[in-house]
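This report refers to the structure that appears directly beneath it.
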Amino acid sequence: MVNISKREEELPGATIAKFLKIAEERKDIISLGPGEPDFDAPKPIIEYAKKVFSKATHYSPSEGRQEFREAIVEKLKRENKIKCRPENIIATCGSQEAIFIALAATVDVAEEVIVPNPGFLAYIPCVELLSAFPIPLQLREEEEFDINFSRLHRLIGNKTKAIIINSPSNPLGNVIGRKTLEALADVVVEHDLIVFSDEAYEKFVYDDAKHVSIASLNGMFDYTVTFHSFSKSYAMPGFRIGYAAAPEKLIKAMTKIHPYITLAAPTISQMAATFALSLPKRHIQEMGREYDKRRKFIWKRLNEIGMPSVKPKGAFYTFNNIQEYGLSSAEFSEHMLKNAKVAMIPGTEFGLYGEGFIRCSYATALPKIEEAMKRLEAELEVLRSRPRRKNRLFARN
Ligand SMILES: Cc1ncc(COP(=O)(O)O)c(C=O)c1O
C-alpha cells in the first residue's frame, strides 16, 4: 500500500481547482474564478515558436540560455529600472518555480518567512514544504490592504529570514506605492532580511498607480529576489516561463538546486519569451486596456449590488467584502455556485485573513461579466431577505 507523506497531507486542499473544474464542465456556470488571462498568447509569438521548434529539442543550461538572460537584463533596465548582469538572472518554469527555488536556497529549517495574508495561495505551502514557518502579515481592507508597519515590526524576531511582497497583488488588486516600498526597504536593511518581490502582474496597473520594483531602490538589489513571469504580461502561462533576478551568489545557489527540480526551463519557452520581449508593446497594452474596461465595470457593479471592494489598481482581481450576508467565504461561494451559477473563489483560499471576502477575476469576457452581475444581484436580494445568523466569523483578534 502506498503511504502518503504527512507533508502532502497537510497541504491545503485545492478548492480553486475544484471550483474551476466545475465551472469548466458546466456550461451554465459563469466563472469569475480564473487566475490566468482569457487571451491567447499574441499571434507573432505562436508563429515564432512554431518556426523555431525544431531547434529547441535540447536541454538549456540550468541558469537559462545566455540570449534569454541578456534580453532580461535589458528589459529590467528599461522597464524596471533594475541594473544587473546576466549572472544575476535565472530562467525558471514560471515564476512559481523561481519562488520555490529561491526559498530553498535561502531559508533553513524552522526559520520564519513573513507572508502577506490574504496573499497568493502558493506562499504558505512553499514555505511549509521547506520545513520553515510562514508568518502571516495581515493586510486589512480598512487600510486599503497596504502594509501596516507597526504590525510588521511585531512579527520580526531573531528567526525571521525573509518577507514576501506581491505587487500588483493576487488576490487583492492593490499596488504597493513607492513610499511604502521605501519604508519597507529601511526595515529590511535594519534587520538584514531578504525581500522576495513577486511582480507577476507588473504590466497590469491602472489609474494613477505605478509599478515600482523594490530592487530598483537605492542599494536594495543586494537584499532582493525579484520574480517575474511571462504568464500574465504576455498571456503565456502554458509555456511555463518566468525568471528571478538576484545577487549573483544567490543565483548561483538557485542554479545548483535547479537540476534537482526541473533541471532547466523549457528551451522553446525561453526562445519564445526572448522573442516576445522584442515585440512592440501594443500587444500588452491592448490586453491592459481590455482588463481596465472590465475592471471599471465590475468594480462599479459589484459595489452597486452589495459586494463592495477597495478600488483595484492592478492585476485582474477584485476582493469583495461579503460580511453583510452572515455566511463564511466558503459558504457564500458554494451558495452562489449553486444558486446564481457564478463561480468565485473564497477569500480563505488566500489565508486566514481572507475570511469574509470573495475574489472575483475579470480575466473573463465582458458580456459574461455583465450576465454574472445580473445573476449575483438577484441572488443577493434573496440572501438579504433571509433571516441572518449572528455573525461572529469576522471578529478581529
Ligand atoms: C501572484 C502570483 N505569483 C506567481 C504566480 C505563478 O505564475 P507563473 O508560475 O505562471 O509565472 C501566480 C499565478 O497565478 C500568481 O498569481
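The values are calculated or read from the model by the stated rules, or taken from the named source; none is laboratory data. Fair warning: this is a prediction, and the values are worked out from it, not measured in the lab. Heads up, the Cβs are rebuilt from the backbone with ideal geometry, glycines too, and the neighbour counts pull from every protein chain shown. We work out accessible area using only protein heavy atoms, side chains counted, and drop any ligands, DNA or RNA first. Shrake-Rupley method; radii C 1.70, N 1.55, O 1.52, S 1.80 Å.
Worth pointing out:
- Residue satisfying all of: in segment 1-49; β-branched (Val, Ile, Thr) and away from the ligand (no atom under 16 Å from the Cβ); surrounded by the fewest Cβ atoms within 10 Å (Cβ to Cβ) among these: VAL2
- Scan of segment 247-268 for residues that are assigned to a loop (DSSP other than H, G, I, E, B) and in contact with a Pro (Cβ under 9 Å, 6 or more places away or on another chain), ordered by number: ALA264
- Any hit, segment 74-85, residues being within 16 Å of the ligand (Cβ to nearest atom), over 19 Å from PRO266 (Cα atoms) and open to solvent by 20 Å² or more (accessible area, probe 1.4 Å): no
- Restricting ALA98, ALA91, ALA104 to residues that are among the aliphatic types (A, V, I, L, M) and either modelled with pLDDT under 95 or not in a helix (DSSP H, G or I) (or both) narrows the list to ALA91.
- Tally of residues being open to solvent by 10 Å² or more (accessible area, probe 1.4 Å) and either within 13 Å of the ligand (Cβ to nearest atom) or assigned to a helix (DSSP H, G or I) (or both) across segment 111-125: 6
- Counted residues, segment 293-351 - those being assigned to a loop (DSSP other than H, G, I, E, B), of a type in the set (D, E, K, R) and over 14 Å from GLU377 (Cα atoms): 2
- Considering (1) outside any strand (DSSP E or B); (2) touching a residue at least 40 places away in the same chain (Cβ under 8 Å); (3) over 24 Å from GLY238 (Cβ atoms), the lone condition that ARG78 does not fulfil carries the number (2).
- Pick from segment 86-101, criterion away from the ligand (no atom under 13 Å from the Cβ) and either buried (at least 21 other Cβ atoms within 10 Å of the Cβ) or basic (Lys, Arg) (or both), ranking: nearest to PRO237 (Cα to Cα): ILE90
- Of all the listed residues (GLY314, GLY306, GLY288), the sole one being out of contact with any Ser or Thr (no Cβ under 6 Å at 6 or more places or on another chain) and surrounded by 22 or more Cβ atoms within 10 Å (Cβ to Cβ) is GLY314.
- The set of residues from segment 203-219 being open to solvent by less than 10 Å² (accessible area, probe 1.4 Å) and either of a type in the set (Gly, Ala, Ser) or within 13 Å of the ligand (Cβ to nearest atom) (or both) comprises PHE204, SER213, ALA215.
- Residue match in segment 55-65 (condition: in contact (Cβ under 8 Å) with a residue 12 or more places away in the chain and within 16 Å of the ligand (Cβ to nearest atom)): yes
- Checked against the criteria, ALA209 counts as within 28 Å of HIS283 (Cα to Cα) and more than 16 Å from the chain's Cα centre (by Cα).
- Residue selection: ILE156 fails the criterion of being buried (at least 23 other Cβ atoms within 10 Å of the Cβ) and not basic (Lys, Arg).
Condition check ((1) open to solvent by 20 Å² or more (accessible area, probe 1.4 Å); (2) modelled with pLDDT under 95; (3) more than 11 Å from the ligand (Cβ to nearest atom)) across all residues:
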| site | (1), (2), (3) |
| --- | --- |
| ALA185 | no, no, yes |
| TYR201 | no, no, no |
| PHE221 | yes, no, yes |
| PRO237 | yes, no, no |
| MET254 | no, no, yes |
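- Test: residue in segment 102-110 that is out of contact with any strand residue (DSSP E or B) (no Cβ under 9 Å at 6 or more places or on another chain) and within 16 Å of the ligand (Cβ to nearest atom): yes
- Extreme residue, nearest to the ligand (Cβ to nearest atom), among residues of segment 239-252 that are open to solvent by 10 Å² or more (accessible area, probe 1.4 Å) and closer than 30 Å to ASP40 by Cα: ARG240
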